[in-house]
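Okay, so here's the structure we're looking at.
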Amino acid sequence: MPGDVRAALSLARSLGLDRLDAQLLLAASLKQNRAWLISHDDAPLAPALAATLVEQMTQRAAGMPLAYLLGEQEFHGLLLTVTPDTLVPRADTETLVDWALELLVPMAGTPSLVDLGTGSGAIALAIKAGHPAAIVSAVDLSPAALTVAQGNAHRLGLDVAFMQGNWWQPLLGRRFDIIVSNPPYIAGGDPHLPALQHEPIGALSPGGDGLSDLLLLIEGAPAHLTKGGWLLLEHGYDQAPAVAEALSVRGFVDLGLRRDLGGQPRVSAGRWPS
Ligand code: GLN
């Protein structure tokens, strides 16, 4: 059992952990920041704390996302609670948030927006924070995820209406100026899936070619959009052509595509004609 900070960091190295991850775990368990940690190499670790830390480092070495071990993840300037019931919000998804915020700017009054498959609430909450005049709703199938999302909304003081249900089901008869979603889109046989085994599979992959939920959203969106309203969808790096085709066949116009931080085509949008 490591007796001080230096010993814990050296154990982390031998387990193959990133130094930054080890420092963040250690800082969180000591309730200190990294600056403190770096200048307190010889600070002692109580045995119980050291035992918990070794357990966490072992889990991290086995691929457990750091966000689950810390219980939080930063997204678009918000610090969100995340649990294994929710996907860990990705920086790539900030592309979707930024785009929605740009579309909201010229909309007068109190534009309405819904986030389908909200998970931790990341997208809905970041949009509400960035454009407080928007009336923001969010849907998820998972009650456990909604509990996390509601907790985030409460802690951040952001007014978002959360609803439980399967995609469009809780939205019967309602229309929105903007619909956004980061649905599960990874193909069932994708070689990246095993590395994501700690996250909820239902939030990552619909199976098959990964397109089924994207197509369901494109099919159903017109019944829930105001005239001239926008649908914004995050998708896989190779799914942009299929998404654009489906948007166009369904009657969407002004199609657009944006790339993520890594330069991959990541978010597609279409406008329902006015
Ligand atoms: N972008 C995530 C990943 O590749 C997947 C998110 C999703 O399926 N919606 O890890």
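The values are calculated or read from the model by the stated rules, or taken from the named source; none is laboratory data. Because the structure is a prediction, the values reported are computed rather than measured. With ideal geometry, Cβ positions are generated from the backbone for all residues, glycine too; neighbour counts draw on all protein chains shown. With ligands, DNA and RNA removed, areas are computed over all heavy atoms of the protein, side chains included. Shrake-Rupley method; radii C 1.70, N 1.55, O 1.52, S 1.80 Å.
Tell me the per residue accessible area of the chain using a 1.4 Å probe; a whole number in Å² is fine.
Numbers: 12410 Å² over 274 residues.
Spelled out: the 1.4 Å probe surface of the chain, per residue, equals 45 Å².
Which of the peptides 1-8, 120-127, 224-231 is most tightly packed, and how do the rest follow, judged by the mean count of other Cβ atoms within 10 Å per residue? Present the calculation step by step, with values, prior to reporting the outcome.
On the way: 1-8: 17.5, 120-127: 28.8, 224-231: 19.0.
Most protected by this proxy first, the peptides run 120-127, 224-231, 1-8.
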GNM on the chain, C-alpha springs below 10 Å: top fluctuator among Ala51, Ala145, Ala67?
Ala51
Out of Leu204, Ala50, Ala122, whose Cα points farthest toward the positive end of the dipole of the chain (charges: +1 Lys, Arg; -1 Asp, Glu; placed on Cβ)?
Ala122
Tilt relative to the chain, helix 94-104 - C-alpha long axis, 0 to 90 degrees, to 10
40
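Express as a percent, rounded to the nearest 5, the fraction of DSSP beta bridges in the chain (both residues included) that run antiparallel.
Once the DSSP bridges in the chain are tallied, antiparallel ones form about 45 percent.
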Give, in whole angstrom and from largest to smallest, the semi-axes √(5λ) of the equivalent ellipsoid of region 19-136, with λ running over the eigenvalues of the Cα gyration tensor.
37, 15, 11
Taking the chain and counting helices only, DSSP H stretches of n ≥ 4 at -39,500 (n - 2.57) each over all residues, the nearest-500 ellipticity at 222 nm comes to -11000 deg cm²/dmol
Ratio of alpha-carbon Rg to the 2.2 N^0.38 Å globular estimate for the chain, to two decimals, please.
1.11
For region 151-197 versus region 11-41, the gap between their alpha-carbon centres in whole angstrom
33
Counting only protein heavy atoms, what percent of the accessible surface of the chain is carbon or sulfur at a 1.4 Å probe?
56
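What full-extension length gain, to one decimal in nm, is calculated for Thr147 and Trp36 as 0.36 nm per residue of separation minus the Cα-Cα distance?
Working: separation 111, 0.36 × 111 = 39.96 nm, distance 3.36 nm.
Using 0.36 nm per residue and subtracting the Cα-Cα distance, I get 36.6 nm.
Size of the dipole of the chain about the Cα centre, Lys and Arg at +1 and Asp and Glu at -1 on the beta carbon, nothing else charged, in debye to 20?
Values: 17 positive and 27 negative charges, 77 e Å.
Magnitude of the dipole: close to 380 debye.
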Most positive-pole-ward Cα, Phe176, Gly3, Val148, against dipole of the chain from beta carbon charges
Phe176
Distance from the Cα centre of region 206-274 to that of region 86-128, in angstrom?
15
Over the alpha-carbon set of region 100-247, work out the extent along each principal axis and list the three values in angstrom, largest first.
45, 36, 27
